[in-house]
Amino acid sequence: MDEKKISLNADTSAEGQQMQANAEEVLQKHDKESATRKLSGTIGKVFFVLCVLVSCYHLYTAAFGGPVTLVHRSLHVAMMLSLSFMMYPFNKKSDRSKPTICDWILVALSFVAPFYIWYDYLGVVERAGNASQMDMFMATLLTALVLESSRRVSGNALSILSLIFIAYGMFGRSMPSFFMHRGYDWTSLSNHFFANTEGIYGTSVSVAASYIFLFILFGCVMQKSGMGQFFNDIALALAGHTKGGPAKVSVIASGFLGSINGSAVANVVTTGAFTIPLMKKTGYSKEFSGAVESAASVGGQLLPPIMGAAAFIMAEMLSVKYSEIIVWAAIPALLYYLGIIIQVQLRASKDGLVGLPKDQLPNAGAVMKRQGHLLIPVLFLLYMLFFSGTTVIFSAVCTIIVTVVVSQFSASTRMGVKDFIEALADGAKQTVSVAIACACVGIIIGVSSKTGFGLTMANTIISLGSQSILFTLVFTMITCMILGMGLPSIPAYIITASIAAPALSKLGIAPAAAHMFSFYYAMFANLTPPVALASFAAAGLSGGDPMKTGVASVKLAIAGFIVPFMFVYSPQLMLIDTTILQGFSVALTACVGVFLIGVAVEGYFMAPVAWWLRAVVTVGALSLMHPGMMTDVVGVVVLAAVWFIQKGKAKAHEQA
C-alpha cells in the first residue's frame, strides 16, 4: 500500500505515535492479566522453550489423544501454574525482570500434584470419598497454588470469592436457615477439589485444556500470518470514506479481532491506538471515540465464529455441539453491532462529520488480492464445524495447519518456521490467564456441587422474582454484572450460569437462552461503571474522562443490553425450534427496534428529535422487540410516524 495512504498498522499522526508508545502502559494499568514480567536473557529463553513445549503437548494430545482424564487435566493445570509464577510477579513492588527464588519453588511445587496422581492414579480415585493424609496434603497444596496464581493473574476478587465459598462449605451449620447445610471438614472438601472432575479439575479446566487452548493458539497463528492487518485494512477500505467512517472502521475491525482474541481490554489497546486518533481527527469527542472502541471490543466475545473462550464452556455445560452455539449467537451479535453502527451514523449526521478522503484509503480489491486468501482458514473452520462431522478439537488442529499452509500463498503473509514457533509460545502465554481462572472457578463450582448451593440460589432467585420471568431476569442481570465488575468474564459467566441459568430454566426459559443471557451480562461488566475496564482503557488512550466514557459506552451498547431479554421472550431470535422464515421475520422486526432505540438514544433522525417523540420512539422500539402481532403493529406505526414527522422537520430546516 502507498505510504501516503492511511493504515491502521501505521502511525497516522503525532498523537497516534504517542498513543502507540503509551498503549502497553495503558494495557498493564487496566488489564491485570497483561501486567507480566519482561523476561530476557537465559531465563527468557528457558521460558520461551517451556511455552513452546506446552503448546506442542496440547497439539499432540489433541491430535493423537492424551493420558487418562485426571492426569491430563492435572498436568495442564500444572503447566499453566508454572508459567504463571514465572510470568506474574508477587506484587507491584516485585522484580519484573526475573522470577525470585520463591517463584521457582512454586514452579517446582506446581508439578507435585500431577506427579502424585500419575504415580498413584488408582489409589487416588478409589480413595476419593475417604482421603488419606497424603491426599489431603496434595489437595491443600493444589488449592493454595491455584488461589495464589489466580491472585497474581486476575487480581484479588476471584481468590477472595473462592475463599468465601470454602468457608461456606466448611461452616454450613452456622449459616442462616435458608443456606444451612451439613458442613464439611477440610479433608472432605479439599479432596473434592482434587480427586475428581467436579472441582479444580472440572469442566472448565477440561475445556481450557482442549478447545480454549487450541483456539487461542489458532488466533496467535492467524495474527502471525497478518490477519489483524487484513481486518484493519479491509475495514478502512469498506467504511473509511463513509460518514463517520473511522468510527465504523473501529466497530468492524474490533469486532473481527475481538472474536478471535477474546480479550476486550487487549483489543481496545490493539485497535484503539490507531482508530481513536482517526475518530478524534474526524470530529468525534474524546469520550465518544473511546466509547466506540470499547463497545465494539467487548462485543467481539459475542460474535461468531470463535467468540473468545466462554462459548466453548457454554457448549460443554449444555452438552451441545459448538456449531450450535455459533448458530444461536449469530443474530443477537449482529443486532448488537447494528445498534452501535446506527448510533455512530446518527451521531455523524447530527454533528456534520464526514469520512476520510477515499484517495488516502486502501483499495478493497487490492487488499483482497494481497491478503484475501487469509479468509480461507476461517471458511475452512466453518466447514469443519458444520459439515465435516469431526470433533471441534480435530477441526481446530486442522485449521491451524491450513492457516500455516495458506499463509505461504503470498510473500506479505508468509509464515516461516520462526514465526510458527513464536506463535506456539504466544499461544501458551495467552492461555495462562484463562486456564488459571478456569481452575480457580473450579473451587467455587466444587463447593456449589458439594453443598447444593446452586440449587439453593436458584430457588432464592425465583422467590425474589416472585415467579415472574421479568423480575427474575432483572435479578439475574444485576447478579451477572456485579460479579463481572470484579471477575474476569469467563469465571463470571461460569458462576452465574451455574447459579442463575437453572433458575431461569425452572421458569420455562430455554436452557440455551438462559445461558446466553448470563453470558451477555457477564461480558457487559467490562463497559458499565464504576468498574468498566474496557471503557477505562479506551479513555486512557483517548484522553477522555473515564466515567463519561463508560456512560457513553453503555449508551452505545444499549441494544446489547436489551437483546438478551428479546431472545428470552422470543427464542426464534436464536433460531431455536423455528423455521428460517420465522427467524428472519423476528430478526427483521428486531432490526427495526434496534434502529428506533438508536434514534431515541441519540435524539436525532434527519433532524433533532423532540423529547416527547423520543419517549414515543422508545415505546415503539420495545414493542418491536417483544414478539406478537399487536406489538409489531405498534412498532411499525411508531416508525411511520417518526419518519413523516422528522422528514417534515428536515425539509423545514432546509428551507429556513
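The values are calculated or read from the model by the stated rules, or taken from the named source; none is laboratory data. Keep in mind that this is a model prediction, so the values were computed, not measured. With ideal geometry, Cβ positions are generated from the backbone for all residues, glycine too; neighbour counts draw on all protein chains shown. Side chains included, ligands, DNA and RNA excluded: accessible areas come from the protein's heavy atoms. Shrake-Rupley method; radii C 1.70, N 1.55, O 1.52, S 1.80 Å.
Dipole magnitude of the chain about its Cα centre, charges +1 at Lys/Arg Cβ and -1 at Asp/Glu Cβ only, in debye to the nearest 20?
Magnitude of the dipole: close to 820 debye.
Per residue, segment 191-349 exposes an accessible area of 21 Å² to a 1.4 Å probe, with every protein chain left in place.
Computed over segment 503-591, relative contact order equals 25 percent, with contacts defined as Cα pairs under 8 Å that lie 6+ residues apart. Roughly what angle does helix 245-261 make with the longest principal axis of the chain, taking Cα atoms, 0 to 90 degrees, to the nearest 10? Roughly 20 degrees, rounded to the nearest 10.
For segment 305-349, the mean projected area of the C-alpha convex hull, equal to one quarter of the hull surface, is 3.5 nm².
Accessible surface comparison of 119, 57, probe 1.4 Å, protein chains only, largest first: the order is 119, 57.
What's the angle, to the nearest 10 degrees (0 to 90), between helix 489-506's Cα axis and the longest principal axis of the chain? Once rounded, the angle reads 80 degrees. Summarising the label geometry, the points placed 7 Å from Cα in the beta-carbon direction at residue 460 and residue 383 lie 5.1 nm from one another. Of the residues 520, 116, the one with the largest accessible area comes first in the ranking 116, 520, computed with a 1.4 Å probe on protein heavy atoms.
Translational diffusion of segment 596-643, estimated by Stokes-Einstein from the Kirkwood radius over alpha carbon pairs at 4 °C in a medium of 1.567 mPa s, is 124 µm² per second. What's the center-to-center distance, using Cα atoms, between segment 32-70 and segment 344-398 in Å? Their Cα centres are 30 Å away from one another.
Per residue, segment 47-146 exposes 50 Å² of accessible surface when a 1.4 Å probe is rolled over the protein heavy atoms with every protein chain present.
Here the average projected area of the convex hull drawn through the C-alpha atoms of segment 445-499 stands at 3.6 nm². The local environment of residue 116, defined by Cβ-Cβ distances under 13 Å, has a net charge of -1 under the rule Lys, Arg +1 and Asp, Glu -1.
Our summary gives segment 376-479 a relative contact order of 12 percent, counting only alpha carbon pairs under 8 angstrom and 6 or more residues apart. Let's test the formula: R0 of 25 Å, r as the Cβ-Cβ distance of residue 401 and residue 53. What FRET efficiency results, to the nearest 0.05? Given R0 = 25 Å and the Cβ-Cβ separation, E is 0.85.
What is the percent of Cα-Cα separations in segment 83-144 that go past 20 Å? Here the long-distance tail beyond 20 Å is 40 percent of all Cα pairs in segment 83-144. Heavy-atom accessible surface of segment 482-568, averaged per residue, reaches 24 Å², computed with a 1.4 Å probe. Couplings for segment 386-395, taken from phi via the Karplus curve 6.51 cos²θ - 1.76 cosθ + 1.60 with θ = phi - 60°, read 9, 10, 7, x, 8, 6, 4, 4, 5, 4 Hz in order; Gly and Pro are left as x. Nearest 10 degrees is fine. How inclined is helix 322-351 to the longest principal axis of the chain, computing both from alpha carbons? Taking Cα atoms only, the helix is inclined about 40 degrees.
Here the Karplus relation 6.51 cos²θ - 1.76 cosθ + 1.60, evaluated at θ = phi - 60°, turns the backbone of segment 411-424 into coupling constants of 5, 6, 10, 5, 9, x, 4, 4, 4, 5, 5, 5, 5, 4 Hz, with x for every Gly and Pro. Using all pairs of distinct alpha-carbon atoms, the Kirkwood hydrodynamic radius of segment 472-520 works out to 10.3 angstrom. Projected onto planes of every orientation and averaged, the convex hull of the alpha-carbon atoms in segment 48-156 covers 8.0 nm². Using Cα centres only, tell me the gap between segment 264-288 and segment 580-620 in whole Å. Rounded to whole Å, the Cα centres lie 27 Å apart.
Taking the charge dipole of the chain about its Cα centre, with +1 at Lys and Arg Cβ atoms and -1 at Asp and Glu Cβ atoms, the residue from 250, 226, 164 reaching farthest to the positive side is 250. Remark: segment 154-171, residue by residue, has Karplus-estimated 3J(HN,Hα) of 10, x, 6, 4, 5, 5, 5, 4, 5, 5, 4, 5, 4, 4, 4, x, 7, 10 Hz, where x stands for each Gly or Pro and the curve is 6.51 cos²θ - 1.76 cosθ + 1.60 at θ = phi - 60°. Expressed per residue, the C-alpha convex hull volume of segment 232-303 stands at 70 Å³.
Pairs of C-alpha atoms in the chain farther apart than 39 Å represent 32 percent of all such pairs. Taking amide H as placed 1.01 Å from N in the peptide plane, residue 183 has its amide H under 5 Å from the amide H of 172, 173, each at least 5 places away in sequence or on another chain.
Approximating the spin labels as points 7 Å out from Cα along Cα→Cβ, the residue 96-to-residue 411 distance works out to 3.9 nm.
What percentage of the solvent-accessible surface of segment 335-480, computed with a 1.4 Å probe over protein heavy atoms, is contributed by carbon and sulfur atoms? Here carbon and sulfur together make up 67 percent of the probe-accessible area.
Around the amide H of residue 604, modelled in the peptide plane, lie the amide H atoms of 609, all under 5 Å away and 5 or more residues distant in sequence or on another chain.
With q set to 0.19 Å⁻¹, the log10 of I(q)/I(0) for segment 511-656, from the Debye formula over equal scatterers at the Cα positions, is -1.10. Averaging the Cα positions of each part gives two centres, and for segment 487-514 and segment 430-486 these lie 7 Å apart.
Once the piece of chain linking residue 482 and residue 655 is laid out straight, how much longer is it, given 0.36 nm per residue of separation minus the C-alpha distance between them?
Computed gain between residue 482 and residue 655 is 57.2 nm.
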